[in-house]
1. Assuming Val323 fulfils every condition listed in (1) within 16 Å of the ligand (Cβ to nearest atom); (2) closer than 14 Å to Pro521 by Cα; (3) assigned to a strand (DSSP E or B) apart from one, which condition is it?
2. Within the range 464-477, can you find the residues that are out of contact with any helix residue (DSSP H, G or I) (no Cβ under 9 Å at 6 or more places or on another chain) and either away from the ligand (no atom under 16 Å from the Cβ) or open to solvent by less than 10 Å² (accessible area, probe 1.4 Å) (or both)?
3. Suppose the filter is farther than 21 Å from Val453 by Cα, surrounded by fewer than 22 Cβ atoms within 10 Å (Cβ to Cβ) and within 14 Å of the ligand (Cβ to nearest atom); does Tyr298 pass it?
4. Applying the selection to the range 340-373, what residues are open to solvent by 10 Å² or more (accessible area, probe 1.4 Å), more than 24 Å from the chain's Cα centre (by Cα) and either small (Gly, Ala, Ser) or within 26 Å of Lys322 (Cβ to Cβ) (or both)?
5. Which ranges mark the helices (runs of 4 or more DSSP H) fully within the range 149-242 that have 1 or more residues being in contact (Cβ under 8 Å) with a residue 24 or more places away in the chain and either under 19 Å from Ser21 (Cβ atoms) or within 28 Å of the chain's Cα centre (by Cα) (or both)?
6. Do we find a residue being farther than 27 Å from Glu154 by Cα and within 20 Å of the chain's Cα centre (by Cα) anywhere in the range 40-51?
7. From Val259, Val290, Val294, which residue is at pLDDT 95 or above and part of a helix (DSSP H, G or I)?
Amino acid sequence: MTRFIFITGGVVSSLGKGLASAALGALLQSRGYTVRLRKLDPYINVDPGTMSPYQHGEVYVTDDGAETDLDLGHYERFTGVPATKQDNVTTGRIYQTVIGKERRGDYLGATVQVIPHITDAIKEFVLDGADGHDFVLVEIGGTVGDIESLPFLEAIRQLGNDLGRDRALYVHLTLMPYVAAAGELKTKPTQHSVKELRSIGIQPDILLCRSEHEIPLSERKKIALFCNVREESVIPALDVSSIYEVPIKYHEEGLDEQVLKIFRMEKDSVPKLARWTDIAQRATKPEGRVKIAVVGKYTQLLDAYKSLSEALTHGGFANNVKVDLDWRDSEIFERENPAVYLEDVHGILVPGGFGERGVAGKIEAVRFSRERKVPFFGICFGMQMAVIEAARNLAGLPNAYSSEFGETKEPVVGLITEWMQGNVRHERNESSDKGGTMRLGSYACDLAEGSRVRDIYGSERINERHRHRYEVNITYREQLEKAGLLFSGMSPDRTLPEIVEIPDHPWFIGVQFHPELKSKPFDPHPLFASFIRAAVEQSRLM
Ligand code: GLN
């Protein structure tokens, strides 16, 4: 029997609902249960693929090629369960489905309405593919009180009735602000947020209260009373220094036990938390530190590179070091000497990106790491920058550029219009829709014998996730290889360059895919583990 846990948020956004859901999933897993996590996003975009990272943070890509909310990254990192297309839906996609059906005539004769048509489509999404899992955790994006989230809240309210109380549970995440002048934690915002939820028919079973300070028992009692929740179901969620401490902390506060108690399952399992105590230990008690410069464009908003910073942290776990990230807007290198900013770092990473702004600075950062033999990791756009740099400065092609930025004489990076994914042929052209038409999802890649990447992965064929429109142009391969840039990873049909490396360098690798999407705290991605190891070695030389 599959049970459903619905997670809503109140008071303010950015309380970490995604992390809370992921941590609860991990705790249930640690008791031997299988879990699946899903996210309902109230915005109108069909998926976040067309949004700037400044709007909604990173776009997380699944194996099956869906562009999804970054919370799915937390779910995967905490539970190891690969997310799919079926695990994230938006208002836009729900309406697209319902309108599609209306046009086909599926509702002939009926007036199509939010209730029941939209809410039915939401419920269908929540229930579809849930069988076979012990728990499905469903996070509702946004904050209770938002206009956009109402149909989603109505749908999960109905599901409470449809499924019955022994199969549905509501967790509400709120904030208890501390008013310094009064020296007090305040419960009023939580009371109001729960009142709002109850006015639409949802009585939360568990309240997770984010707070910067210990919550006194008297305040827990007060919340319980005013919000109609049992006292032991008011769970404090205090700030922690590393997100990887969250599962252990929630367990200590009794979150998983309360969930199981409400479902009358508390006696059926014992938690095995060794994995999480080990990770929390690595996260909080590192034996050294390294500094990595991330030279990108969206450096003002760290959510834009969520999986990347987590993967670097995991690389640190693999080497027992803390990874300090030095976020650098690449545009600065267009005006100033990179050495001023990069002299003291132990590794340089150029991440994914779009558009021409900051490109010249990224190319300068690549040049600095190549010439000064500082470990370099280029991801997607970062690999394309490495190829342009090598073409210009090693292969004697001063006009080398990417056709992403307009017409160019030497398109060493160009738009790909036809390619294979396994046996499936994909086709695109300049005027194709922008949404959902990049090379997306998991693709195989063969690693050249004797290459560094072959050694790092320890296998001949790997599968990694992609999200890009442009590709390194295979026609320049010979020229670039002669100049010292080895094409060490290729698509199985040998048409798409997937990895480049410079053998004559301590660590210089560019990958067309996004390895950060598959890294886990308990299973750091081999490229990140190896990159951080190289950075540790670099730190010993300095
Ligand atoms: N803008 C580049 C492309 O579309 C790189 C994309 C990325 O880094 N994810 O190919």
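1. In the conditions (1) within 16 Å of the ligand (Cβ to nearest atom); (2) closer than 14 Å to Pro521 by Cα; (3) assigned to a strand (DSSP E or B), Val323 misses (1) alone.
2. Selection gives His466, Thr475, Arg477.
3. Yes: the conditions hold for Tyr298.
4. Val340, Tyr341, Glu343, Asp344, His346, Ala360, Phe368, Arg372, Lys373
5. 150-163, 188-199
6. yes
7. Testing whether each residue is at pLDDT 95 or above and part of a helix (DSSP H, G or I) leaves just Val259.
To keep it simple, each residue is scored yes or no on (1) touching an Asp or Glu at 6+ places or on another chain (Cβ under 8 Å); (2) assigned to a helix (DSSP H, G or I).
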{"residue": "Asp303", "(1), (2)": "yes, yes"}
{"residue": "Glu310", "(1), (2)": "yes, yes"}
{"residue": "Ala318", "(1), (2)": "no, yes"}
{"residue": "Trp327", "(1), (2)": "no, no"}
{"residue": "Glu331", "(1), (2)": "no, yes"}
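The values are calculated or read from the model by the stated rules, or taken from the named source; none is laboratory data. Note that this is a predicted model, so its numbers are computed, not measured. Virtual Cβ from ideal backbone geometry, glycine too; neighbours counted across all protein chains shown. Protein only, heavy atoms only, side chains kept; ligands, DNA and RNA dropped before computing areas. Shrake-Rupley method; radii C 1.70, N 1.55, O 1.52, S 1.80 Å.
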